[in-house]
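The following block contains the structure, expressed as structure tokens.
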Amino acid sequence: MHLAILMTNTDESPFAQAHPKDGEKFAALIGSVRPGWTCEVFSVKDGVFPEDLGSFDGVMVTGSPASVHDGEPWIDRLLVTIREIVDRKIPLFGACFGHQAIALALGGTVERNPGGWVFGLAKADVVGDAPWMAPLGPQLGQYGAHIEQVTALPDGARVLIGSAACPAGGFAIGNSVYTTQNHPEMTPDFIAALVEEYAEKLPAGVVENARASLAEKADYKAFAESIARFFEQATAPGPR
């Protein structure tokens, strides 16, 4: 299977340069469970988009410190591209900014988190039924880093993952769209480094809670398996 990774991360700081870029992280995530699959990365935040979406079996949209409301030309183009992907029923997965961009592009609403920052390991319940969710338990741990969330779903979407702090923590549309508000691509080492990078940029309580949360690890491989199964079922022969 050949996937396009639409990289939206705008961070070009020395910290970002010292760590793998998001394209590498998402390729490593899917490669951890499907090592034979291939990925091609497009830096959409720099205006680089696939010329032929039809040459890919599926698309993944990454996270970003940017807001979907920033009004940048590349974001506007991404929203148009998302609508094209969905119209063509090309399987689409989005995480964090990607999750929010998919929702916004399709008529949903993204607003500031009522409770402020979600940072560190975030727990959520798997509340929806989808055939690719079998690898996940009733509760899911993922690394989070967000100040905005989806507050109204697009028409036809159903919640798959949710918590009191983030009720629409992940959703599906039919069997061809799958999202999560959090960061399945982040490793324990990366999130620990990210927490320290933000230690002087966020309120002390947010950072202290994030540090404490990292005593537990995210469900990295189980969620990677759910993404792989999502793409597999979405590209299987037969009606969808």
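The values are calculated or read from the model by the stated rules, or taken from the named source; none is laboratory data. Computed from a predicted structure; not experimentally measured. Heads up, the Cβs are rebuilt from the backbone with ideal geometry, glycines too, and the neighbour counts pull from every protein chain shown. These accessible areas exclude ligands, DNA and RNA; they are computed on the full protein's heavy atoms, side chains included. Shrake-Rupley method; radii C 1.70, N 1.55, O 1.52, S 1.80 Å.
Compute the acute angle (0 to 90°) between the alpha-carbon long axis of helix 73-87 and the principal axis of greatest extent of the alpha-carbon atoms of the chain; round to the nearest 10°.
50
Any idea what angle helix 204-213 forms with the longest principal axis of the chain, computed on alpha-carbon atoms, 0 to 90 degrees, nearest 10?
60
Mind checking the per residue accessible area of the range 4-44 for me, 1.4 Å probe, whole number of Å²?
42
Please list, ordered by chain and number, the residues whose modelled amide H lies under 5 Å from the amide H of V59; skip anything fewer than 5 residues away on the same chain.
A4, L92, F93
Under a Cβ-only charge scheme (Lys and Arg +1, Asp and Glu -1), can you give me the dipole magnitude of the chain about the Cα centre, in debye to the nearest 20? Don't skip to the end; give the middle numbers.
Details: 17 positive and 29 negative charges, 118 e Å.
Computed charge dipole of the chain: roughly 560 debye.
Once the whole set of protein chains is in place, how much accessible area is left on H2, using a 1.4 Å probe, in Å² to the nearest 10?
So the heavy atoms of H2 present about 50 Å² to solvent.
Ok, one more. With the dipole of the chain worked out from charges on the C-beta (+1 for Lys and Arg, -1 for Asp and Glu) around the Cα centre, which of A157, F97, T187 lies farthest toward the positive end?
Going by the charge dipole, the pick is A157.
While we're here: At 1.4 Å probe radius, can you tell me the per residue accessible area of the range 133-222 in Å²? Write out the running numbers ahead of the final one.
Working: 3860 Å² over 90 residues.
Computed with neighbouring chains in place, this is 43 Å² per residue.
Right, here's the next one. Calculated from DSSP H runs of 4 or more alone, at -39500 (n - 2.57) each and per residue, what is the 222 nm mean residue ellipticity of the chain, nearest 500? Write down the numbers at each step before the final one.
Values: 7 runs with 74 residues, N = 240.
So the calculated ellipticity at 222 nm is -9000 deg cm²/dmol.
Here's another thing I want to ask about it. Give the span of the range 110-205's Cα atoms along each principal axis, as three whole-Å numbers ordered largest to smallest.
Projected onto its principal axes, the Cα set of the range 110-205 covers 42, 28, 20 Å.
Note the angle between two axes, namely the Cα long axis of helix 188-197 and the longest principal axis of the Cα atoms of the chain, as a number of degrees from 0 to 90, rounded to the nearest 10.
50
What net charge is computed for the residues neighbouring L214, neighbours being all others with C-beta under 15 Å from the C-beta of L214, Lys and Arg scored +1, Asp and Glu -1? Mind showing how you got there, number by number?
On the way: positive: K123, R211, K217; negative: D189, E196, E197, E208, E216, D219.
Once all neighbours under 15 Å are counted, the net charge is -3.
A further question on this structure: Find how many whole Å separate the alpha carbon centroid of the range 29-72 from the alpha carbon centroid of the range 167-240.
Going from one Cα centre to the other spans 16 Å.
Something else now. Give me the net charge of D52's neighbourhood, meaning all other residues with Cβ under 13 Å from the Cβ of D52; Lys, Arg count +1, Asp, Glu -1.
On the way: positive: R88; negative: E40, E51, D57, E84.
With Lys, Arg at +1 and Asp, Glu at -1, the net is -3.
Can you count the Lys pairs in the chain with C-alpha separation below 28 Å, eight or more apart or on different chains?
Going through the chain pair by pair, I get 20.
How long are the semi-axes of the equivalent ellipsoid of the range 1-129, taking √(5λ) for every eigenvalue λ of the Cα gyration tensor, in whole Å from largest down? Provide the component values of the computation, followed by the final result.
Working: eigenvalues 91, 71, 61 Å².
One finds semi-axes of 21, 19, 17 Å for the range 1-129.
Let me ask another. Can you give the Rg and Dmax of the range 97-139 based on its C-alpha atoms, in angstrom?
My reading of the Cα-based Rg and Dmax gives 13.4, 33 Å.
Of the DSSP beta bridges with both residues in the chain, give the percent that are antiparallel, rounding to the nearest 5.
Expressed as a percentage, antiparallel bridges in the chain total about 55.
Counting other Cβ atoms within 10 Å, which trypsin sites (Lys or Arg not before Pro) in the range 61-111 have at most 12 and lie in a DSSP loop? Don't skip to the answer; put the middle values down first.
Working: sites: R77, R83, R88, K89; in loops: R88, K89.
When the trypsin sites (Lys or Arg not before Pro) of the range 61-111 are filtered for loop state and at most 12 Cβ neighbours within 10 Å, R88 remain.
From the gyration tensor of the Cα coordinates in the range 46-117, what semi-axes in whole Å does the equivalent ellipsoid have, largest first, with each one equal to sqrt(5λ)?
Working: eigenvalues 98, 34, 24 Å².
Semi-axis lengths for the range 46-117 are 22, 13, 11 Å.
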